[in-house]
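Participant: The following block contains the structure, expressed as structure tokens.
Read-outs throughout are calculated quantities, based only on the coordinates presented, and are distinct from any laboratory measurement. Every value quoted in this text rests on a predicted model; they were computed, and no experiment measured them. Virtual Cβ from ideal backbone geometry, glycine too; neighbours counted across all protein chains shown.
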Amino acid sequence: MTRPKCETVRLIKRRDLKNDYFSFTFAPFSAADKCRPGQFVHLKLPAGEVYFRRAFSVASVETSCGDLELIVKVVGRGTRILAALRRGDATNLLGPLGQPFKLPRRRERVVIVAGGVGFPPLLFLAQKLIDRGHDPKHILFFYGGRSRSDIIERSRIKKLGVDLRIATEDGTLGEQGLVTKPVKTFLQKYGDNCRIFACGPEGMLKAVNELGLALHVPGQLSLEAPMPCGIGVCLGCVVPLTAGGHARVCCDGPVFQIGEVAL
Amino acid sequence: MTPDMKVMIAGVEFDNPVLTASGCCGYGEELAQLYPLSKLGGLVTKSITLEPRLGHPPPRTAETVSGMLNAIGLANVGIEAFIREKVPFLAKQQTRIIVNVAGATIDEYVEVSRRLNDVAVLDMIELNISCPNVDQGGIQFGSDPYLTEKVVAAVRAVFARPLIVKLSPNVTSIGDIASAAEAGGADAFTVMNSVIGTAVDIDTRRPRLTNNKGGLTGPAIKPIALAMVDAVHSRSRLPIIGVGGISDWRDAVEFFLCGATALQIGTALFVEPEAPLKIVHGLKDYLRKNKMKSITDLVGRLEKY
Ligand SMILES: Cc1cc2nc3c(=O)[nH]c(=O)nc-3n(C[C@H](O)[C@H](O)[C@H](O)COP(=O)(O)OP(=O)(O)OC[C@H]3O[C@@H](n4cnc5c(N)ncnc54)[C@H](O)[C@@H]3O)c2cc1C
Ligand SMILES: Cc1cc2nc3c(=O)[nH]c(=O)nc-3n(C[C@H](O)[C@H](O)[C@H](O)COP(=O)(O)O)c2cc1C
Ligand code: FES
């Protein structure tokens, strides 16, 4: 595992996506080329309203120039401060942190399940797999949200050439209902030789976990937890394991195998 | 000239006076990923109990204004696994190792300390009689002078190296507790553990911690910690390791002036893992600018009104 770096970086690019989503590109981050899908950075906000750093998954990297992209949804005080950053502003990044997704073998079919703000690490994963020669047609990208406005970067995903399947709860885009519904239908039919990669709200992860177990499809889930330190020293981010005991989401995870965590 | 950063506590020399606090640096492995631990004056392990403990169920931390609440509940690997799995790593580190000891009963404190007596790499133990997050032990001992003296004396009898006692601010008179610990045979004090507090989620109308309350730490408690260091310093001549809300070298200078010989950095590590190194650097600059030769020249030099 690469050692995390703690560095001051600048915001070199920001894009305001719809519905309180933002894409931020920071540079130069010397560990950008070491970041693997599923890993995250801990971002320090200007001193003031919030005390802790905030965790964000790596959404993409441009290794030649040390660019690191985060895709962030504004949900509270910290993310609101972040959304106010302007180009050229400095911040401090600690990372890459956490265990990345274990990549599938090239012949395995990849079933990505993204829910809402769980999208960024899976975008990175899909990109990485394709860069490494995985056939995009063997990557199913299930993407769910409450409504049309929760589905971001659609054209970017399409450009990857993956098989994108959208579901919205209100039916304003793609299939109507929870994203786990089409996932289930697919896995029941074609579950052999599939690997699941999921990140999203707790309810979705729970459903995917159960699906994987019931249909015997292996896979990995990326979890979230409030993280005081992000490096494994405070024991604040723990989740219970099915085998008993606790695991730290920040460093034993955030990626866990299906069935590993008592969700 | 580079100022002398060495300090002595109970006959143990520290290369610099900035240590990491118990519960905020695990058993050292994670911080060592970020920088060599030899840059620290020393490291205090997470509290060790006789048996492994899982701690309280999550959520067990909550962010607050200028700090945080925690009710981890002394989650730790237990003395056996500590010696088997953690000590070999610690033995390779070029820094002072202090093992923090906790227990539910005097017997537990004694048994853990007795086993640690055989562990050569550790320089001292720090007795945690001030944890606010467990039903038994912890602060129960640290808030009663009689029990304080009793537990300290019992550990003193089985542990041959220096013994630090970590005090709680949640007492009527921290001076009385310090005196009792000194009478029991303490060699130094760590001042202080976290301050009891809680926070409420107004939507669910439930506490933000499953333990219902926790310990407040971080910048929010610095003024309390300074007053506690001062109170113990005016009561006892034993060396004091100051801890509570220290984020930068300016905070550090305040603690030395109030009577601390060394410091521990806790919560600040979560935001700035390299905080101890920056503090050492800043302290050196401060000494240089003020034409002081040694960090010890600062200790207790508060000019009171
Ligand atoms: C490993 C990891 C990767 C993440 N990746 C992304 C990402 O790529 N993009 C993104 O937009 N967000 C991501 N998050 C979530 C992000 O960290 C939180 O949204 C952020 O910390 C909220 O900060 P805030 O100050 O705006 O919210 P606060 O004001 O602190 O809280 C607002 C709400 O968010 C909840 N919350 C706070 N912190 C977290 C947290 N760490 N995890 C879950 N819920 C939280 C609170 O309970 C509250 O309901 C990730 C979290 C983790 C742990
Ligand atoms: C998450 C967390 C866990 C802690 N665990 C312990 C512990 O196991 N034993 C102990 O004596 N103190 C423990 N402490 C208290 C710290 O060692 C320190 O006394 C306190 O945090 C005040 O310092 P700070 O404001 O610099 O954090 C813990 C503190 C935090 C934040
Ligand atoms: S956030 Fe501190 S241990 Fe995971």
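Participant: Cut-off 10 angstrom, C-alpha nodes, Gaussian network model of chain A. Which of A:ALA84, A:ALA55, A:ALA207 fluctuates the most?
Facilitator: Maximum fluctuation in the GNM of chain A, among the listed residues, is at A:ALA84.
Participant: Per residue Cα convex hull volume for region B:232-305, in cubic angstrom?
Facilitator: Convex hull volume per residue, Cα atoms: 90 Å³.
Participant: Here's something else I'd like to know. Quick one: net charge of A:HIS42's neighbours, Cβ under 10 Å, K/R +1, D/E -1?
Facilitator: So the surrounding residues net to +3.
Participant: In nm, to one decimal, how far is the A:ALA214 label point from the B:ARG288 one, both placed 7 Å along Cα→Cβ?
Facilitator: 6.7 nm
Participant: What are the GluC sites (Glu not before Pro) within region A:53-151 that DSSP puts in a loop, where the Cβ has at most 16 other Cβ atoms within 10 Å?
Facilitator: In loop regions of region A:53-151 (DSSP not H, G, I, E or B), the sparsely surrounded GluC sites (Glu not before Pro) are A:GLU108.
Participant: Only Lys, Arg, Asp and Glu count, each charged at its Cβ (+1, +1, -1, -1), so figure out the dipole size of the protein assembly as shown about its Cα centre, rounded to 20 debye.
Facilitator: Here the size comes out at about 1820 debye.
Participant: With label points built 7 Å along Cα→Cβ from the Cα atoms of A:ALA243 and B:ASN212, find their separation and express it in nm.
Facilitator: Inter-label distance under the simple model: 3.5 nm.
Participant: How big is D, in µm² s⁻¹, for chain B by Stokes-Einstein at 10 °C and 1.306 mPa s if Rh is the Kirkwood radius over C-alpha pairs?
Facilitator: Reported coefficient: 83 µm²/s.
Participant: So, counting K/R as plus one and D/E as minus one, what does the shell of residues with Cβ under 9 Å around B:GLY78 add up to? Each step should come with its number before you reach the end.
Facilitator: Details: positive: B:ARG53; negative: B:GLU51, B:GLU80.
It works out to a net charge of -1.
Participant: Convert each backbone phi in region A:175-184 into a coupling constant with the Karplus relation 6.51 cos²θ - 1.76 cosθ + 1.60 (shift: θ = phi - 60°), then list the ³J(HN,Hα) values in order as whole Hz, x for Gly and Pro.
Facilitator: 6, 8, x, 6, 5, 5, 5, x, 4, 4
Participant: Output the Cα-based Rg and Dmax of chain A in Å, rounding Rg to one decimal and Dmax to a whole number.
Facilitator: Looking at chain A, its Cα Rg and Dmax stand at 17.6, 52 Å.
Participant: Let me ask you something else. List the relative contact order of region A:109-257 as a percent without decimals, with contacts defined as Cα pairs under 8 Å and 6+ residues apart.
Facilitator: Contact order relative to length: 21 percent.
Participant: Could you give the Stokes-Einstein D for region B:118-235 in µm² per second, using the C-alpha Kirkwood radius, 10 °C, 1.306 mPa s?
Facilitator: 105 µm²/s
Participant: What's the Cα-based Rg to Rh of region B:213-275, Rh via Kirkwood? Show your work: numbers first, answer last.
Facilitator: Details: Rg = 11.5 Å, Rh = 11.8 Å.
Taking Rg over the Kirkwood Rh, I get 0.98.
Participant: Here's another thing I want to ask about it. What number do you get for region A:5-97 when its Cα radius of gyration is normalised by 2.2 N^0.38 Å, N = residues?
Facilitator: Output field value: 0.97.
Participant: What 222 nm value per residue comes from the helices of chain B, counting each DSSP H run with n ≥ 4 as -39,500 (n - 2.57) and dividing by all residues, nearest 500 deg cm²/dmol?
Facilitator: -8500 deg cm²/dmol
Participant: So what's the back-of-envelope 222 nm ellipticity for chain A, counting only DSSP H runs of four-plus at -39500 (n - 2.57) apiece and dividing by all residues, rounded to 500?
Facilitator: Details: 5 runs with 51 residues, N = 263.
Calculated mean residue ellipticity at 222 nm is -5500 deg cm²/dmol.
Participant: Could you work out the relative contact order of chain B? I mean the mean sequence separation of Cα pairs under 8 Å and 6+ apart, divided by the number of residues, in percent.
Facilitator: 20 percent
Participant: Report the FRET efficiency, 1/(1 + (r/R0)^6), for A:ASP33 and B:ALA120, where r is their Cβ-Cβ distance and R0 is 35 Å, rounded to 0.05.
Facilitator: So, using R0 = 35 Å, E works out to roughly 0.25.
Participant: Can you tell me the relative contact order of region A:5-97? Whole percent, Cα pairs under 8 Å, sequence separation 6 or more.
Facilitator: So the answer I get is 41 percent.
Participant: Sticking with this structure for a sec: Mind giving me the FRET efficiency for A:ASP16 and B:GLU85? R0 is 60 Å, r the Cβ-Cβ distance, nearest 0.05 is fine.
Facilitator: Efficiency for this residue pair is about 0.80.
Participant: Could you pull out every residue, at least 5 positions away or on a different chain, whose amide H is within less than 5 Å of the one on B:GLU126? Hs are placed 1.01 Å off N in the peptide plane, and Pro or chain starts have none.
Facilitator: Here B:VAL99, B:ASN100, B:VAL101, B:ILE164 satisfy the definition.
Participant: On to the next question. Can you work out the FRET efficiency for the pair A:SER149 and B:ASP248, with r the C-beta to C-beta distance and R0 = 41 Å, to the nearest 0.05?
Facilitator: On the way: r = 43 Å, r/R0 = 1.04.
Between A:SER149 and B:ASP248 the formula returns 0.45.
Participant: Return the tail of the calculated pair distribution for region A:170-263, meaning the percent of Cα-Cα pairs more than 20 Å apart.
Facilitator: Cα-Cα pairs in region A:170-263 separated by more than 20 Å: 42 percent.
Participant: For region A:128-202, which GluC sites (Glu not before Pro) pass both filters: DSSP loop (anything but H, G, I, E, B) and at most 14 other C-beta atoms within 10 Å? Walk me through the intermediate numbers first.
Facilitator: Values: sites: A:GLU153, A:GLU169, A:GLU175, A:GLU202; in loops: A:GLU153, A:GLU169.
Answer by residue number: A:GLU169.
Participant: Can you divide the C-alpha Rg of region A:109-257 by 2.2 N^0.38 Å and report the result to two decimal places? Show your work: numbers first, answer last.
Facilitator: On the way: Rg = 15.5 Å, N = 149, 2.2 N^0.38 = 14.7 Å.
Region A:109-257 yields a ratio of 1.05.
Participant: Taking the Cα centre of region A:5-97 as origin, sum charge times position over the Cβ atoms of Lys and Arg (+1) and Asp and Glu (-1), and report the length of that vector in debye to the nearest 20.
Facilitator: Working: 16 positive and 9 negative charges, 40 e Å.
Charge dipole, region A:5-97, about its Cα centre: 200 debye, nearest 20.
Participant: Can you return the lysines within cross-link range of A:LYS128? Criterion is Cα-Cα under 23 Å, with same-chain partners fewer than 8 residues away left out.
Facilitator: Result set, ordered by chain and number: A:LYS5, A:LYS13, A:LYS34, A:LYS73, A:LYS102, A:LYS137, A:LYS158, A:LYS159.
Participant: Taking just the alpha-carbon atoms of region A:71-170, what radius of gyration and Dmax come out, in angstrom?
Facilitator: Looking at region A:71-170, its Cα Rg and Dmax stand at 15.6, 44 Å.
Participant: Among A:ALA27, A:VAL162, B:ALA227, whose Cα sits farthest toward the positive end of the charge dipole of the protein assembly as shown (+1 at Cβ of Lys/Arg, -1 at Cβ of Asp/Glu, about the Cα centre)?
Facilitator: A:VAL162
Participant: Remind me, what semi-axes does the protein assembly as shown give for its equivalent ellipsoid, largest first in whole Å, using sqrt of 5 times each Cα gyration tensor eigenvalue? Spell out each step's value before the answer.
Facilitator: Values: eigenvalues 434, 129, 84 Å².
That gives 47, 25, 20 Å for the three semi-axes.
Participant: Right, here's the next one. Among B:ASP201, B:ASP123, B:ASP187, whose mean-square fluctuation peaks in a Gaussian network model of chain B (Cα, cutoff 10 Å)?
Facilitator: B:ASP201
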